[in-house]
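My questions will all concern the structure given below.
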Amino acid sequence: MVRIAYMAAAITIPPLASIAWRGFSLLNAFVALIWLAALLAFFFFAVAYGILLHGLATLFAFVIILRHRRPGNEDHKFTPRRLIDYAIGLYLILSTSLTGSLLWYGINAPNGEPADNAAVERGSKIFVTSCHACHGTNNELAPSLDGIVGKEVAANPSFDYSAALRGKEGVWTENTLSRFLLAPDQFSPGTKMAISPLTADEARDVIAFLRSGR
Amino acid sequence: MTNTFIDAKTDLVGESINASVCIIGAGAAGITLARELAPSVADVVLVESGGLSLDGPTQALYSGQNLGLKYHDLLSSRLRYFGGTTNHWGGYCRYNDPIDYRGRPKLDVPRWPFDETVLAPFITRAAAQLGLEFAYFDPATRLSKLGEDTDALIDDASTGLMTKIFQISSKTRFAKIYGNELARLHNLRTYLNLSVTDIQLSESGRNVTAVTARTLTGKTVKITANTFVLACHAIENARLLLASNSQSPTGIGNRYDHVGRYFMDHVHVSGTKMIPSSSFPSLYNFYYLQSLGVNANISFTDPALQEMGILQYYCRFLPVYADEGVKPAMRRLQGKLWEPFDPESLDDLAMVLSDLPGATRLARSAAGGAPKPQYFNLQHRIEQAPNPESRILLSAKRDALGNRQADLMWRLNDVDYRTFRLGQQKIVAELSALGLGRFMVEELHDDYIDEHAIGHYHHIGTTRMAARAEDGVVDPNCRVFNVDNLYVAGSSTFPTAGYSGPTMMIIALALRLADHLKQSKAGN
C-alpha cells in the first residue's frame, strides 16, 4: 500500500510541481509526456533505455527552446531566472530517472529474499560433490550454470541438449530447477545430466548457491 | 569414426563374441592397451559400456551410496563412455617420487613391487605421448624457460621444502585424439554400449573362461578370449571382481580379502590464510602459474617426509584479490554489458566501487599479471594412506542391468590427519622464518578435516599390486593372483596414491602391461 502511494506520488508530483512552477505550457506538457514514456521504459524495458530516452528528450527540448529564440522575443532570452527554470526542469527530468529506477528496484527486488548465507554455503558444497565434475569451469561436458535461475531452458547454442530438454519452453525457475534435480529422468526423460537425485533440502540449498552467483 | 565401431545394440552383435584379448573399458588404460596391442596381436576387442557421448541411463549404472565421509556423487565421478574419464581430465601430469615406491612401515604403507627405475622408460613414453617435455618437470628449467626468476624458488632457501611441478597436458581427450586410429586398426574391434556384468572362472578357478556382457536394451552377450584385461576404474574393477561370486562367495582374486579395500584419493582441505610479504614469490600464486600453463606447489623433500613421518603433502596458495562478492559482481557486470543500468547491475556496480583496489587486482590477474593479493588461502593436499577400512562395498541395490551397486566407505585415518597437521605446521614455520608472510592459522583438527575433506576424483588402490598373493590382488605384472589370464589396468593397481597425478602413471603402467602381454604371447 505504501509502495503504491509512493509510486503514485512519484508519477504525479514532479510534473504537477513543474506546472505549478511555470504554469501550463506546451513545454511543460512535453516534459510530462517524456516522463510517462520514460516511466514506461523503466517498467517494461531496462532502466538504461529509460535514461537514454530521457537524455535524448532533454536534448530535444533544449533544441526546441534554442530554435525558439528570436531577436526581440523577450520571452526566450536567457535571463538568470530563466536559466534557473531550465535547471529545475532538467533536475525534475533526471530525478524522474532516479525515481523510476528506484521504483523498478522496489518492485523487483523483494521477490528474492536476501540470500540465506548458510544455505548458500551448504549449496556450494553440494555443487562441488554433485555438479562441478561436469559443470565446472572450462568444461566442455556440460553448459555453464552462471545465472541459470531466470535463464532460458536449453539456452546454450553450442551444447547438444537432449531432445526432451530442448523441447521445453520458458526460463529456469527455482521450481523447475528443483523438479529437475529431484528427479532428473522424470522431469526430462532421456536427459544427459548424470546426477544422483538430490533431496528437497539439498536441491533448495544448491539452487540458493546458484542464485547467489558465487 | 562411428561406423567402424560396433554398436552392441544393433544386429551386428549376436549372442557371443570371441577374441584373443578382451579389454574391458575404453578409458586412458584401455585405449592405451588397444593402441599398443592391436598392431601386433591378432583379434583384440575393446568393450565399452557407453557410446560416443555422455548418456544418462548408462551413467546411472555407476549409482552408489557414499557411506563414509562426504564424497563426490559416484554416479558422475567417472565418465562411462568412449574415452572414459579422459573426457574431462584436467591434464595434470607428474610421475611418482622415489619415496612413493618405498615401503614406509611406520606409516603402514606398503612398497611397490618394483622401484622407479623399472617404470622410468614407460613414464618417459607416456610423457611423450602426452606432449610433455620431460626436462620441464624440473622447476628451474621450466620457469626459466617462461622467463620467471628462478632465484625466487624456495628450494635452496629452506630446509626440507621443495617445489614440485605438475605439467598440464593438452593431449587429454583420448576419444578425439585416438578414435580414428583405433577405428583403422584391423586387428581391433571396438564394441560400444556393451557393459560387462560378470566374470566366469573355470572349475579350477585358475582361468577366466568368459565374461557376460549386457546392453541396456536387454541383450546378453558372452565374450570368450584367451586373455582378459579389466580396465574400468578403481570402483568398477573392484565391483566386477566382488560381484562375480558364482564360484567363490567373496568374488574373484579375493582370497586374502584385499579386493575393494585401500580406496585412496588425493584429498585436500582448505584452512589458514597467509598475508604475503613483498618477498613472497609470485610463482607460487596458483592462478598466476595456471595462466602460464604450469602448476607448482610447495611440498617436502623425501628425507624431510621421512623425518616428519608423514605421507606426501603439498600446499597450494590460492590468492584472494578482493572482498567477497566483488569477483562475481564483476562477472555479472561483464555479462550484462548491454543493460548496465539493470537495478541488479547497479548493486553489482556498487559492490565493485566499494572495493576498487580489489577489482583492479582482479582485472590485472585476469590479464595475466600477478598482483599482490589481500591474502592467500592455503590448500593442503595429501596422498591418502592405504587404509583397509576405506573401501568399496557391494550394495543390496541393483542397477538397471541387475548388477549389485557399489557403495563407497571413504575414510581417513590417523596417518592422514597427522600429515595434514604436520604438513601445515612445517609450511607455516618455514615460510614465517623466511619472512615470506604472516599466517592466520586454522588448527587442522580431525573433525575439521573430516568436515572439509574434498576428494579429487582420483580413485586409487582397490586391487592393489603386491609381490606376494597374501599382500594384494594383482602381481607385479598386473595379473590377478592365482588366475592365469585375468589382468587389471588402471590406478586400482597402485599400492599407494603417491605424489603424482594418476593418469600419466596409469598410461605408463598400461604401456608396461602391453609389453608384457606381447612378450608373454598371452594373446595367442
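The values are calculated or read from the model by the stated rules, or taken from the named source; none is laboratory data. Since the model is a prediction, treat every value here as computed from it, not as a measurement. FYI the Cβ positions are ideal-geometry reconstructions off the backbone, even for glycines, and counts take in every protein chain you see. Calculation scope for accessible area: heavy atoms of the full protein, side chains included, ligands and nucleic acids excluded. Shrake-Rupley method; radii C 1.70, N 1.55, O 1.52, S 1.80 Å.
Is it true that residue B:262 is in a loop (DSSP other than H, G, I, E, B) and farther than 23 Å from residue B:30 by Cβ?
Here the answer is no, as residue B:262 does not meet what is asked.
Within the bounds of the stretch B:68-89, is there any residue that is open to solvent by less than 40 Å² (accessible area, probe 1.4 Å), within 14 Å of chain A (Cβ to nearest Cβ), at positive phi and in contact with a Lys or Arg (Cβ under 9 Å, 6 or more places away or on another chain)?
yes
Answer with yes or no whether residue B:448 is surrounded by fewer than 22 Cβ atoms within 10 Å (Cβ to Cβ) and within 20 Å of the chain's Cα centre (by Cα).
Here the answer is no, as residue B:448 does not meet what is asked.
Residue pairs, Cβ under 7 Å, 6 or more apart or interchain, first in the stretch A:178-194 and more than 7 Å from chain B (Cβ to nearest Cβ) and more than 19 Å from residue B:216 (Cβ to Cβ), second open to solvent by less than 50 Å² (accessible area, probe 1.4 Å) and small (Gly, Ala, Ser). List them.
Partner pairs satisfying both residue conditions: A:178/A:203; A:180/A:188; A:181/A:203; A:182/A:203.
Select from the stretch A:201-214 the residues that are within 24 Å of residue B:57 (Cβ to Cβ) and either more than 13 Å from chain B (Cβ to nearest Cβ) or touching an Asp or Glu at 6+ places or on another chain (Cβ under 8 Å) (or both) and list them in ascending order.
Across the stretch A:201-214, the qualifying residue is only A:203.
If you don't mind, another one. So which of B:231, B:210, B:175 is buried (at least 16 other Cβ atoms within 10 Å of the Cβ) and closer than 30 Å to residue B:142 by Cα?
Just one listed residue meets the conditions, B:175.
Okay, moving on. What are the pairs with Cβ atoms under 8 angstrom where one residue, in the stretch B:415-437, is open to solvent by less than 50 Å² (accessible area, probe 1.4 Å) and the other, located anywhere, is acidic (Asp, Glu)? Sequence gap at least six, or different chains.
Here the result reads B:415/B:108; B:417/B:446, each pair linking the stretch B:415-437 to a residue that is acidic (Asp, Glu).
Conditions: (1) within 13 Å of another protein chain (Cβ to nearest Cβ); (2) open to solvent by 10 Å² or more (accessible area, probe 1.4 Å). Residue B:326 meets all but one. Number of the miss?
For residue B:326, the exception is condition (2).
Can you give me the number of residues within the stretch B:235-260 that are free of Cβ contacts under 8 Å to residues at least 60 places away in the same chain, small (Gly, Ala, Ser) and open to solvent by 10 Å² or more (accessible area, probe 1.4 Å)?
2
Take the stretch B:129-154 and flag every residue that is farther than 22 Å from residue B:431 by Cβ, open to solvent by 50 Å² or more (accessible area, probe 1.4 Å) and either modelled with pLDDT under 90 or in a helix (DSSP H, G or I) (or both).
B:134, B:135, B:141, B:144, B:145, B:146, B:147
Given the conditions (1) surrounded by fewer than 20 Cβ atoms within 10 Å (Cβ to Cβ); (2) farther than 30 Å from residue B:234 by Cβ; (3) touching a Leu at 6+ places or on another chain (Cβ under 9 Å), and given that residue B:372 satisfies all but one, which numbered condition is not satisfied?
That leaves (3) as the condition not met.
Conditions first: (1) more than 14 Å from chain A (Cβ to nearest Cβ); (2) polar (S, T, N, Q); (3) open to solvent by less than 10 Å² (accessible area, probe 1.4 Å). Residue B:4 passes all but one, so which condition is the exception?
Answer for residue B:4: the failing condition is (3).
Further, regarding this structure: Determine which member of the set B:152, B:175, B:210 is more than 30 Å from residue B:53 (Cα to Cα) and aliphatic (A, V, I, L, M).
Testing whether each residue is more than 30 Å from residue B:53 (Cα to Cα) and aliphatic (A, V, I, L, M) leaves just B:152.
Here is a yes/no grid of residues against (1) among the β-branched types (Val, Ile, Thr); (2) open to solvent by 30 Å² or more (accessible area, probe 1.4 Å); (3) under 27 Å from residue A:160 (Cβ atoms):
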| residue | (1), (2), (3) |
| --- | --- |
| B:14 | no, yes, no |
| B:20 | no, no, no |
| B:43 | no, yes, no |
| B:56 | no, no, yes |
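Search the stretch B:484-507 for residues that are assigned by TED's automatic domain parsing to the domain that holds residue B:104 and free of Cβ contacts under 8 Å to residues at least 60 places away in the same chain and pair each with any residue that is of a type in the set (S, T, N, Q) and open to solvent by less than 10 Å² (accessible area, probe 1.4 Å) when their beta-carbon atoms are under 7 Å apart and the residues are at least 6 apart or on different chains.
Short answer, once both residue conditions are applied: B:493/B:463.
Could you tell me whether any residue of the stretch B:385-395 is touching an Asp or Glu at 6+ places or on another chain (Cβ under 7 Å), touching a residue at least 24 places away in the same chain (Cβ under 8 Å) and assigned to a loop (DSSP other than H, G, I, E, B)?
The answer is yes, given that some residue of the stretch B:385-395 is touching an Asp or Glu at 6+ places or on another chain (Cβ under 7 Å), touching a residue at least 24 places away in the same chain (Cβ under 8 Å) and assigned to a loop (DSSP other than H, G, I, E, B).
Within the stretch B:35-63, can you find the residues that are in contact with a strand residue (DSSP E or B) (Cβ under 7 Å, 6 or more places away or on another chain), more than 14 Å from chain A (Cβ to nearest Cβ) and modelled with pLDDT of 95 or more?
B:37, B:44, B:45, B:46, B:47, B:48 - these are the residues of the stretch B:35-63 that are in contact with a strand residue (DSSP E or B) (Cβ under 7 Å, 6 or more places away or on another chain), more than 14 Å from chain A (Cβ to nearest Cβ) and modelled with pLDDT of 95 or more.
Residues are listed down the side, and each one gets a yes or a no for (1) over 21 Å from the mean Cα position of the chain (by Cα); (2) outside any loop (DSSP other than H, G, I, E, B):
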| position | (1), (2) |
| --- | --- |
| B:21 | yes, yes |
| B:26 | no, no |
| B:30 | no, yes |
| B:34 | no, yes |
| B:39 | yes, no |
| B:49 | no, no |
| B:53 | no, no |
| B:70 | no, no |
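Got a sec? Which of A:103, A:141 is at pLDDT below 60 and within 12 Å of chain B (Cβ to nearest Cβ)?
Within the list A:103, A:141, the selection yields A:103.
Given the conditions (1) part of a strand (DSSP E or B); (2) assigned by TED's automatic domain parsing to the domain that holds residue B:214, and given that residue B:163 satisfies all but one, which numbered condition is not satisfied?
Single failed check for residue B:163: (2).
Which number in (1) at pLDDT 95 or above; (2) open to solvent by 30 Å² or more (accessible area, probe 1.4 Å) marks the one condition that residue B:32 misses?
Every listed condition holds for residue B:32 apart from (2).
Evaluate the following for residue B:223: is it open to solvent by less than 20 Å² (accessible area, probe 1.4 Å), farther than 22 Å from residue B:471 by Cα and modelled with pLDDT of 95 or more?
yes
If the requirement is being at pLDDT 90 or above and under 28 Å from residue B:408 (Cα atoms), which of these qualifies: A:200, A:133, A:183?
Criteria check complete, one pass: A:200.
Does at least one position in the stretch B:333-346 carry a residue that is without any contact (Cβ under 8 Å) to a residue 60 or more places away in the chain and away from chain A (no Cβ under 13 Å)?
For the stretch B:333-346, residues without any contact (Cβ under 8 Å) to a residue 60 or more places away in the chain and away from chain A (no Cβ under 13 Å): absent.
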